[in-house]
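Visitor: Quick one: structure below, then a few questions.
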Amino acid sequence: MKFRNTAAAAAALIFGATTAAHAATLDDVKRKGEVACVVSTSLAGFAAPDASGRYTGFDVDFCRAVAAAVLGDPNKVKFVPATTKNRFTVLNSGEGDILFRNTTETMSRDADLKLSFLPVNYYDGQGFLIRKSAGIKSATELGGASVCIQTGTTTELNLADFMRTNGIKYDPVPVETNEEALTNYEGGRCDVYTTDASGIAATRTGLDNPSAHVILPEIISKEPLAGAVRHGDDQWADIGKWVVNALINAEELGITQRNVKSKARKSGDNPKVNRLLGTEGGMGAMVGLDDKWAVRAISAVGNYGEIFERHIGKKTPLGLERGLNALWKDGGILYAAPIR
Amino acid sequence: MSAPQYAPGKHPDLPAPSTLAGPLAWVRANLLSSPSNITLTLLSLWFLWSVIPGALNWFFFDAVYSGENRAACRAAGEGACWAFIGEYLKLFTYGFYPEESRWRVNLAFVLMWLALVPILFDRVPHRKYGLYYAAAFPFIAGWLLVGGLGLAPVTTDKFGGIMLTLVVGVTGIAFSLPIGILLALGRSSKLTIIRVFCVGFIEFIRGVPLITLLFVASTMLSYFLPPGTNFDLLLRVLIMVTLFASGYMAEVIRGGLQAIPSGQTEAADALGLKYWQAMRLIVLPQALKISIPGIVNTFIGLYKDTTLVIIIGLYDPLGIGRAALANTSWIGLSTEVYIFVAIFFFVSCFAMSRYSLYLEDKLETGHKR
């Protein structure tokens, strides 16, 4: 500890910098004119550059929403692609301002890695992919099956837990990457492939005949994926938090990318809509933004449902159901805190 | 039947008997000389027969060159879906470099070849000026790619694809050779401080995997530096890659230096040459010549190691390929991507390797065994 303090003092002396640079992320972002957003290097549907080099995806749209709310332009995002290994370092060292990288919120990450998690934007969970011809309808019938599983992941531990709880004998086939799993599964080296449900959907679209494979109904783990910012700047954390909440609330209130402009023009009958769209209440000022912050975010990327359907929903090759990610009133668990 | 008579010394040269020269003899000598050779030949023929038609079909005849997405590709043909590579070709080449400034990348690429010619071949007219230009090239290219001084600045996080590989590879190759030579000389220096420093540096570099160094460059440095200091990520990578390659280079060149008999240095001393003169004129030309295979080996290794930058979030061609595979309309075409990247690396590395053979032949002075 002593050495680190000395080193820090020396560094501060040499570079004349202060740790205060961490505190006001909002000012930093405004000064730089762009939000540095940590995303995945490539994950189908969530974040990947398209053929013209422009990032698209579910996580990417949340980055753009934050940029639109803060800077007024969804394109003022500097994407910082990060791997699973260096994502938190990139955020904590200040190279990234905010992280949307299909990251599971856990206690150790929150407390030990010193992250502040934003509201969950995708409820994922571990699922199973199997051939339709196997005639298996439930994961409890998997006795004796060989299971492809990525080594060193939480999914490996989840699987062991699940199988032990249900007293099922199985034969693990360790693989390193999703690609390897796909090859092994397609070549018949394993009967079942298990990983996060969204990953399974992506894997399935890569198979030669996707309709010959089914995803079993069981989801055996909780993987709440959420954005995050580093500890120490509550105002910035609030901005991230309320942008996500605003997008979810917008869906609940029927505000879409198309109608947001006209609804925001003047105060309507619904005070919830008015507060969200800044025609009353002065909510934006509480997080250091102006009143039209949510209007800009929604007109940039649409509400939560629109983002979901655009990148990972039924009409995309991934074809994910809303499931848990439906609004609470539609049978899901998406329940955003009210803006008031 | 009598043979024609010739005066002594006037007998014309006759072609060799067909059993000793010509294609038939070659086949007999090389393919069918013994029962085991015959078996191997037949096995190879069978192998080629069973592999080549399928491969050609997949690569060319059944391949699909245009299409909207994977489904369209699969509907149009059984073979490779090159339409996918075609759509991502620009990303593979330029990474995220802004469209309107890509002429700068092209120009830098052309200038690179102009700089390479005087380095690689010694019968170029005005070679001296060419070499001056080649020495200035890294700075010209740096200015062209990064911008400033009249050009629109482009941040290095926009670099990617083949261009990134070339930037990292060429910089590493260009700077690791001189640094490696200095380290190798320093290692055999009589001055203790220099020797200890060089040995320590080389042993440290060789004891640590490149991936660790890159990781330190990308993440740990950020902790050591005060928040807010922005030390360009690509620059860190370039420094780490160069240092790494120079550590290995130093050992390759040390091998060459040790193969030079001490009589050579003693002769140089006897002629009254100073240390640097002796090194420059006598020892290094010989030592470098016999180190060529090792040096090129290190170059090729370095060039291929550039793919490791993906772990710190930079997109080399392989990274671009993986990102392309995450596009939901093309997902599942990994074979095409990996073959394309493999072809790119094979062509570059094979060219380097052939050049080194050419150089060895050119510098051959009768030491070859």
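The values are calculated or read from the model by the stated rules, or taken from the named source; none is laboratory data. Computed from a predicted model, the values in this text were never measured in an experiment. Glycine also receives a Cβ, built like all others from the backbone with ideal geometry; neighbour counts cover every protein chain displayed. Side chains included, ligands, DNA and RNA excluded: accessible areas come from the protein's heavy atoms. Shrake-Rupley method; radii C 1.70, N 1.55, O 1.52, S 1.80 Å.
Visitor: Over chain B, with a Gaussian network built from C-alpha contacts below 10 Å, which listed residue (B:91, B:238, B:357) shows the highest mean-square fluctuation?
Guide: Answer for the Gaussian network model of chain B: B:357.
Visitor: Using a 1.4 Å probe on the protein heavy atoms, what percent of the accessible area of region A:87-162 belongs to carbon and sulfur?
Guide: 53 percent
Visitor: About the Cα centre of region A:126-221, how large is the charge dipole given +1 on each Lys and Arg Cβ and -1 on each Asp and Glu Cβ? Please answer in debye to the nearest 20.
Guide: Result for region A:126-221 is approximately 340 debye, rounded to the nearest 20.
Visitor: Ok, one more. For chain B, what is the accessible area per residue in Å², given a 1.4 Å probe and the full set of protein chains?
Guide: Value for chain B: 57 Å² per residue.
Visitor: As a check on your grasp of the helix formula, calculate [θ] at 222 nm for chain A: sum -39500 (n - 2.57) over DSSP H runs of n ≥ 4, divide by the residue count, round to the nearest 500.
Guide: About -11000 deg cm²/dmol.
Visitor: Using C-alpha positions alone, give me the convex hull volume of region B:169-314 per residue in cubic angstrom.
Guide: 118 Å³
Visitor: Moving on. Loop-only trypsin sites (Lys or Arg not before Pro) in region B:128-192, please: DSSP not H, G, I, E or B, and at most 16 other Cβ atoms within 10 Å.
Guide: B:190
Visitor: Another question, then. I want the local charge near residue A:329. Using Cβ-Cβ distances under 11 Å, sum +1 for each Lys or Arg and -1 for each Asp or Glu among the other residues.
Guide: Numbers: positive: none; negative: A:251, A:252, A:330.
Its environment carries a net charge of -3.
Visitor: Taking a 1.4 Å probe, which of A:218, A:280 shows the most accessible area, and what order do the others take after it? List each step's numbers first, then the result.
Guide: Numbers: A:218 45, A:280 70 Å².
Final ranking, largest accessible area leading: A:280, A:218.
Visitor: Counting C-alpha atoms alone, how compact is region B:269-342: give Rg to one decimal and Dmax as a whole number, in angstrom.
Guide: Over region B:269-342's Cα set, Rg and Dmax evaluate to 22.4, 73 Å.
Visitor: Averaged over every viewing direction, what's the projected area of the C-alpha convex hull for region B:312-369? Give it in nm², one decimal, please.
Guide: 6.3 nm²
Visitor: Chymotrypsin sites (Phe, Trp or Tyr not before Pro) within region B:1-101: which are DSSP loop residues with at most 16 other Cβ atoms inside 10 Å?
Guide: Numbers: sites: B:6, B:26, B:46, B:47, B:49, B:58, B:59, B:60, B:61, B:65, B:82, B:84, B:88, B:92, B:94, B:96; in loops: B:6, B:65, B:96.
Hits after loop and neighbour filter: B:6, B:65.
Visitor: Let me ask you something else. Under 1.5 on a/c is rounded, so check that first for chain B, then, if it is not, pick prolate when a/b is larger than b/c and oblate when it is not; a ≥ b ≥ c are the square roots of the alpha carbon gyration tensor eigenvalues.
Guide: Verdict is oblate for chain B.
Visitor: On to the next question. Where in chain B lies the longest segment free of GluC sites (Glu not before Pro) that are both loop residues by DSSP (not H, G, I, E, B) and have at most 14 other Cβ atoms within 10 Å?
Guide: Of all site-free stretches, the longest is B:79-363.
Visitor: Of all trypsin sites (Lys or Arg not before Pro) in region B:247-317, which ones are in loop regions per DSSP and have a Cβ with at most 15 other Cβ atoms within 10 Å?
Guide: Qualifying residues, ordered by number: B:274.
Visitor: Rounded to the nearest 500, what is chain B's calculated 222 nm mean residue ellipticity when only DSSP H runs of at least 4 contribute -39500 (n - 2.57) each, over all residues?
Guide: Mean residue ellipticity, 222 nm, calculated: -21500 deg cm²/dmol.
Visitor: For the protein assembly as shown, just the Cα atoms, rotate onto the principal axes and tell me the three extents in Å, largest first.
Guide: That gives 122, 71, 51 Å along the principal axes, largest extent first.
Visitor: Continuing with this model, one more query. Under 20 Å Cα to Cα from residue A:169, which lysines show up? Leave out anything in the same chain fewer than 8 places away.
Guide: Here the lysines satisfying the reach criterion relative to residue A:169 are A:137.
Visitor: Something else about it: Tell me the accessible surface of residue B:309 in square angstrom (1.4 angstrom probe, heavy atoms of protein chains only), to the nearest ten.
Guide: Roll a 1.4 Å probe over it and residue B:309 shows about 0 Å².
Visitor: Taking N as the number of residues in chain A, what is its alpha-carbon radius of gyration divided by 2.2 N^0.38 Å?
Guide: 1.09
Visitor: At residue B:72 and residue B:143, where each label point lies 7 Å from the Cα along Cα→Cβ, what is the point-to-point distance in nanometres?
Guide: Computed distance between label sites residue B:72 and residue B:143 equals 4.4 nm.
Visitor: For a Förster distance of 22 Å, can you work out the FRET efficiency between the beta-carbons of residue A:84 and residue B:231, rounded to the nearest 0.05?
Guide: Efficiency for this residue pair is about 0.40.
Visitor: Pop out a list of residues from region A:297-340 that are at least 20 Å² less accessible with all the protein chains around than in their chain alone; 1.4 Å probe, no ligands or nucleic acids counted.
Guide: Residues passing the criterion (a loss of at least 20 Å², heavy atoms only) are A:317.
Visitor: With 25 Å as the limit, write out which pairs from A:292/A:314; A:292/B:158; A:76/B:90; A:241/B:158; A:114/B:158; A:272/A:329 have Cα-Cα distances beyond it, or answer none.
Guide: Beyond 25 Å between Cα atoms: A:292/A:314; A:292/B:158; A:241/B:158; A:114/B:158.
Visitor: Mind checking the full-extension length gain between residue B:59 and residue B:276? Use 0.36 nm per residue of separation minus the Cα-Cα distance, one decimal, nm.
Guide: Between residue B:59 and residue B:276, full extension yields an extra 72.6 nm.
Visitor: At the nearest 100 Å², what buried accessible area, both sides summed, do you get for B and A when the probe is 1.4 Å?
Guide: 2700 Å²
Visitor: Taking the Cα centre of the protein assembly as shown as origin, sum charge times position over the Cβ atoms of Lys and Arg (+1) and Asp and Glu (-1), and report the length of that vector in debye to the nearest 20.
Guide: Details: 65 positive and 59 negative charges, 294 e Å.
I would put it at about 1420 debye.
Visitor: So for chain A: antiparallel DSSP bridges make up what percent, rounded to the nearest 5?
Guide: Taking every DSSP beta bridge within chain A, about 55 percent pair in antiparallel fashion.
Visitor: If a cysteine in chain B has no other Cys Cβ under 4.7 Å from its own Cβ, put it on the list, ordered by number.
Guide: By the Cβ distance rule, which asks for a partner under 4.7 Å, the isolated cysteines are B:198, B:349.
Visitor: Suppose every K and R has +1 on its Cβ and every D and E has -1 on its Cβ; what is the size of the dipole of region A:61-161 about the Cα centre, in Debye to the nearest 20?
Guide: Computed about the Cα centre, the dipole is about 320 debye.
Visitor: So, one more: Name the residues whose placed amide hydrogens come within less than 5 Å of the amide hydrogen of residue A:118, ignoring near sequence neighbours (fewer than 5 apart) on the same chain.
Guide: A:227, A:228, A:229
Visitor: Whenever you get a sec, compute what percent of the accessible area on region A:197-340 sits on carbon and sulfur atoms (1.4 Å probe).
Guide: Roughly 52 percent, rounded to a whole number.
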